[in-house]
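Coordinate-derived values only; no laboratory data. This is a predicted model, so every value here is computed, not measured. Reconstructed Cβ throughout: ideal geometry from the backbone, glycine too, with neighbour counts over all protein chains shown.
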Amino acid sequence: MKTVKILNNNKANSTPLTIAFVLCILIVCCGISEYFRLMIIVSGVRDGLQQSVIAVSTTNYDEVYNGLREGYSGGYVLLGNSWSEKLDYYDVYSRMDKLLGTASQGGYHVKVQEGGYEYRYSGLSIEITNAPLTPGNTNQNFEADARIQIEIPLSFGFQMLPPLKMEVRAKAVYMPKF
């Protein structure tokens with residue numbers, strides 16, 4: 001009789017449902033905060049890469065200027081009677097290390113934090129496309145396109161999930177103003 005009375009009592013039936021609902025909301029909030037953390041890190045690395053690739057473009061201004069003076073827009077230098085392509089490749093890794101506070105470790109550039117690393121990147125490739133050696137040609141500008149692989153360990157999932165790996169790209173273009 002007493003057990004039937006206890007089973008028919010409806011006073012605490014919503015407690016398990018409330019606990020499950022609160023746990024679901026907590027997991028969703030953790031997932032959203034992890035997403036925002038990843039987006040902030042990726043945008044910071046992309047901004048550092050962008051600033052570094054802009055430095056590559058601006059360090060080539062002196063190579064491009066010779067051509068502009070002669071009516072051309074590319075990074076060329078006159079050697080004797082012919083024009084020869086001349087480009088400067090800036091040390092993008094060292095610039096990014098200064099901007100992002102990273103250090104080189106075993107083939108990666110790592111942002112160290114307590115208990116591991118916050119993120120690391122590697123595989124930098126810079127492709128410089130020189131403007132053609134033609135007077136008045138504005139179809140193609142001097143461009144520097146950089147790509148880098150970034151790896152960010154997830155803090156949500158108790159290390160059971162693999163780290164986020166993605167390619168980050170940045171592009172800078174040098175265009176003559178006049």
Report task. Scan around residue 154 for amide H atoms under 5 Å from its own, H built in the peptide plane at 1.01 Å from N, and keep only partners 5 or more places away or cross-chain. Result -> 164
Query raised in the report: Around residue 126, with a cut-off of 9 angstrom between Cβ atoms, what is the net charge of the other residues, counting Lys and Arg +1 and Asp and Glu -1?
Result: -1
